[in-house]
Amino acid sequence: MYKFTPKNYTGFFNNIDDSYQFLKTNNIAVDEILSDSKKKNILKPNLNDLARLLKICQDSNPENIIEYGCGFSSLIFHNFLNQNYKNELRSHFQIIEVHRKYLDLAIKRFDKSRNKFKLISDICSVQKDNVRDDGSHKYLASYKFNPDLIYLDGPDPKDIEDSQFIVTEQRVPISSDLLSIESWLLPATIIVVDGRSANVRYLKRNLQRNWEWDTNYENDCSIGILNEEPLGKKSIENLKNRGLI
């Protein structure tokens, strides 16, 4: 239905050199990103993932973005919105994170002088979803807008409160956050999940609306789009402006 097919993007960018060049061509400070990760002794960014996120943004033109778990991906979203949307009343970027130090690191990379949209940064704990009582968990977050794009890359399993797992053991993360907000998501909402295959399978089983998904295990990436008819005139106009219909 929409001019965005998940399968066309999950397989994009599996060569570091190509991804590096793509990011650099699109004014992403790749050398600074790599230097920053080395200097601060933090996990080296996956350039393939960052290039894929930027390509998805370029082709779907999200005006409002929610990110679960911050990192170098936050810089991609921030730069995209700054270059394409400059209206605080309409454009929003919400980062939902557990750790203040990681959130501060991510935000310090932003060029504040160019910040023309509404940036919302939330520190939230992660707790077991006792309502569902199925082993899933969710951020204790609040939401103030409808996202066009959702990036799921958090939390780390060890950040789940009362998970009762031994410290040396690893459990797979099973976030139920998207189930809690699915009812008010708009047609053509896009979800990008970094890894978390078990979580993606959980979402596929439990989401109630008509989602189209694709997973690429080589790139460790899953993408879904809410493949439903537009809600009306305003919805159609928005989707046309984004180039999706």
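The values are calculated or read from the model by the stated rules, or taken from the named source; none is laboratory data. Note that the coordinates shown come from a computational prediction; the quantities given were computed from them, not determined experimentally. When we count neighbours, we look across all protein chains shown, and the Cβ atoms used for this are built from the backbone with ideal geometry, even at glycine. Note: areas computed on protein heavy atoms with side chains; ligands, DNA, RNA excluded. Shrake-Rupley method; radii C 1.70, N 1.55, O 1.52, S 1.80 Å.
Of the candidates Pro230, Pro62, Pro147, which one comes out as most mobile in a Gaussian network treatment of the chain with C-alpha springs shorter than 10 Å?
Pro230
What percent do you get for the relative contact order of segment 5-127 when only Cα pairs under 8 Å and 6+ apart count?
After rounding, I find 22 percent.
Before I look further, what does segment 1-124 give for accessible area per residue, probe 1.4 Å, in whole square angstrom?
49 Å²
Could you provide, to the nearest whole Å², the per residue accessible area of segment 151-201 with probe 1.4 Å? The partial results should precede the final answer.
Working: 2290 Å² over 51 residues.
Averaged over the residues of segment 151-201, the accessible area is 45 Å².
For segment 77-212, give the percent of accessible area contributed by carbon and sulfur heavy atoms, probe 1.4 Å, rounded to a whole number.
Details: 3140 of 6900 Å².
In segment 77-212, the share of accessible area belonging to carbon and sulfur is 46 percent.
Please compute the net charge surrounding Cys124, taking Lys and Arg as +1 and Asp and Glu as -1 over other residues with Cβ under 12 Å from its Cβ.
Values: positive: Arg100, Lys138; negative: Glu97, Asp122, Asp159, Glu161, Asp177.
Residues close to Cys124 contribute a combined charge of -3.
Over the Cα atoms of the chain, what Rg and Dmax result, in angstrom?
Answer for the chain, Rg first and Dmax second: 17.4, 53 Å.
Report Rg (one decimal) and Dmax (nearest whole number) for segment 1-136, counting Cα atoms only, units Å.
Reported Rg and Dmax, both Å: 16.0, 47.
Could you tell me the center-to-center distance, by alpha carbons, between segment 177-230 and segment 57-88 in angstrom?
18 Å
Please figure out what share of the DSSP beta bridges in the chain is antiparallel and state it in percent, rounded to the nearest 5. Walk me through the numbers on the way to the answer.
Working: 14 of 36 bridges.
Bridges in the chain that DSSP calls antiparallel: roughly 40 percent.
Given the options Ser125, Ser183, Ser222, which has the most mean-square fluctuation in a GNM of the chain, springs set between C-alpha atoms less than 10 angstrom apart?
Ser183
How high is the relative contact order of segment 63-204, in percent, counting Cα pairs under 8 Å that sit 6 or more residues apart? Before the final figure, lay out each step's value.
Values: 246 pairs, mean separation 35.7, N = 142.
25 percent.
Which value, in Å² and to the nearest 10, is the accessible area of Glu161 when all protein chains are kept and the probe is 1.4 Å?
80 Å²
Could you tell me the relative contact order of the chain? Use alpha-carbon pairs under 8 Å, at least six residues apart, and round to a whole percent. If you can, show how the numbers build up before the last one.
On the way: 409 pairs, mean separation 49.8, N = 245.
Taking the mean separation of contacting Cα pairs over the length of the chain, I get 20 percent.
Quick one: net charge around Arg242, please, counting Lys, Arg +1 and Asp, Glu -1 for every other residue with C-beta under 12 Å from its C-beta. Each step should come with its number before you reach the end.
Values: positive: Lys3, Lys240; negative: Asp59, Glu63, Asp148, Glu237.
Taking every Cβ under 12 Å from that of Arg242, the sum is -2.
Could you tell me the accessible area of Asp111 in Å² (1.4 Å probe, neighbours in place), rounded to the nearest ten?
70 Å²
Given the Cα atoms of segment 21-99, and with Rh set as the inverse mean 1/r over their pairs in the Kirkwood sense, what is Rg to Rh to two decimals? Kindly include the intermediate steps, with their values, before the conclusion.
Values: Rg = 12.9 Å, Rh = 13.3 Å.
In segment 21-99, Rg relative to Rh is 0.97.
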